[in-house]
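Enquirer: One structure follows; several queries about it will come next.
Derivation of every value follows stated rules applied to the coordinates shown; laboratory data play no part. Computed from a predicted structure; not experimentally measured. Cβ coordinates were reconstructed from backbone atoms using ideal geometry, including for glycine residues, and neighbour counts include every protein chain displayed.
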Amino acid sequence: MKRILLAGAFALAAGGQALAADLPQPGPPPPRAPATYLPVAPVYNWTGFYIGGNIGGSWQQGSFGDPYGNSFSTNNQFTGTGGGQVGGNYEFSNGVLVGVEAMFDWRFNSGNTSNTVSLVGPGGVPTGASASVTVNNQWLTTVTGRLGYAWDRLLVYGKGGGAWVGSNNPTFNVSGASTTVSTSNNNYGWTVGAGLEYAFWGNWSARVEYDYIGLTNQTFTLTNGGGGLPAGDQFSGSGRNVQMFTAGINYKFGW
């Protein structure tokens, strides 16, 4: 009996191995899909030359006085401005930026009239006339260096350098009658400013900026006198400055 059972077990085992050999064998595992990565946008670089335009507004102030005690103060009348700028930047690998820029702006309404003063002549004697002064700063030009720091597409910068103002010398207005006292001239001074700039698309960037322009003292002379004042009376200007806010757009030509 035992022999019969053993023979059956061997036969069953042999049959199972033969059946397993006839079954199809499993193939290799399917290949894994390649890993996908989102593209990383390159860090913006501010290096290059640029050109652009700007529009904004300005305020000017100052004062004029003569030896007899007549003093005129120009007010802070708002004047619209428009112009353009050209420059170049170099950005270091740590985000520090250096550059140079030239900017020109035209003042749409250049006249700025002072307070009206009752004139006094030699010895402080009233002349019986009243007068005011009109200052005509027609355009502004600045040439500056720039120093800033960039966070990718955002740039914060300061600037400083020289400034020039094209103007007609002050007009002396006596009892409503205007008298030009000298020919047109150019004035010079210094400027400091600061701004924010953002590269919003391709090589295009937009910016806002504030500039302070300090001007040298200016004088004008009443060649033939006026308003009871003697010929040769000279008025000296002091504290003359222009403050300007602008918004602009630049296009950068990278190298």
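Enquirer: Scattering from the C-alpha atoms of region 116-175 alone, worked out with Debye: what is log10 I(q)/I(0) at q = 0.13, 0.19, 0.20, 0.25 1/Å?
Expert: With no solvent term, the Cα-only Debye profile gives -0.62, -0.81, -0.85, -0.99.
Enquirer: What is the list of residues in region 208-230 whose amide nitrogen lies under 19 Å from a point 7 angstrom out from the Cα of residue 130, following Cα to Cβ?
Expert: The answer is 226-229, whose backbone nitrogens lie closer than 19 Å to the label point.
Enquirer: Continuing with the same structure: Residue by residue through region 78-93, which ³J(HN,Hα) values in whole Hz follow from phi under the Karplus form 6.51 cos²θ - 1.76 cosθ + 1.60 (θ = phi - 60°), with glycine and proline marked x?
Expert: After applying 6.51 cos²θ - 1.76 cosθ + 1.60, I find 6, 9, x, 10, x, x, x, 8, 9, x, x, 10, 9, 9, 7, 5 Hz.
Enquirer: For the modelled label position 7 Å from the Cα of residue 86 along Cα-to-Cβ, which residues of region 132-165 have backbone nitrogen atoms closer than 20 Å?
Expert: Taking a point 7 Å out along Cα→Cβ of residue 86, the residues of region 132-165 whose backbone N falls under 20 Å are 139-146, 160-165.
Enquirer: May I ask for the Kirkwood hydrodynamic radius of region 53-253, worked out over all distinct Cα pairs and given in angstroms to one decimal? Don't jump to the answer; show the numbers that get you there.
Expert: Working: mean 1/r = 0.0541 Å⁻¹.
It is 18.5 Å.
Enquirer: Given R₀ = 35 Å, what would the calculated FRET efficiency be for residue 94 paired with residue 221, taking r from the Cβ atoms and rounding to 0.05?
Expert: Numbers: r = 55 Å, r/R0 = 1.57.
E(calc), rounded to 0.05, equals 0.05.
Enquirer: Now for a different question. If I take R0 = 45 Å and measure r between the Cβ atoms of residue 192 and residue 116 in this structure, what FRET efficiency does the formula 1/(1 + (r/R0)^6) give, to the nearest 0.05?
Expert: Working: r = 33 Å, r/R0 = 0.74.
Using R0 = 45 Å, I get an efficiency of 0.85.
Enquirer: Just order 115-127, 70-82 by mean Cβ neighbour count inside 10 Å, highest at the front, would you?
Expert: Going by the mean number of other Cβ atoms within 10 Å, highest first, we get 70-82, 115-127.
Enquirer: Additional query: Just need the relative contact order of region 65-181 here, percent rounded to a whole number, with Cα pairs under 8 Å and 6+ apart.
Expert: On the way: 262 pairs, mean separation 28.0, N = 117.
With pairs under 8 Å counted, the relative contact order is 24 percent.
Enquirer: Return the distance in nm (one decimal) between the two label points of a simple spin-label model at residue 210 and residue 177, each offset 7 Å from Cα along Cα→Cβ.
Expert: 4.5 nm
Enquirer: If you stretched the chain out fully between residue 149 and residue 234, how much longer would it get, using 0.36 nm times the residue separation minus the C-alpha to C-alpha distance?
Expert: Working: separation 85, 0.36 × 85 = 30.60 nm, distance 4.78 nm.
That pair, residue 149 and residue 234, stretches by 25.8 nm at full extension.
Enquirer: Can you tell me, using C-alpha contacts under 8 Å and at least 6 residues apart, the relative contact order of region 53-253 as a whole percent? Before the final figure, lay out the partial values.
Expert: Details: 584 pairs, mean separation 43.8, N = 201.
This gives 22 percent for region 53-253.
Enquirer: Counting only other residues whose beta carbon sits under 15 Å from that of residue 213, what net charge do I get with K and R as +1, D and E as -1? Show your work: numbers first, answer last.
Expert: Working: positive: 107, 159, 240; negative: 101, 105, 209, 211.
Spelling it out: positives minus negatives among the neighbours equals -1.
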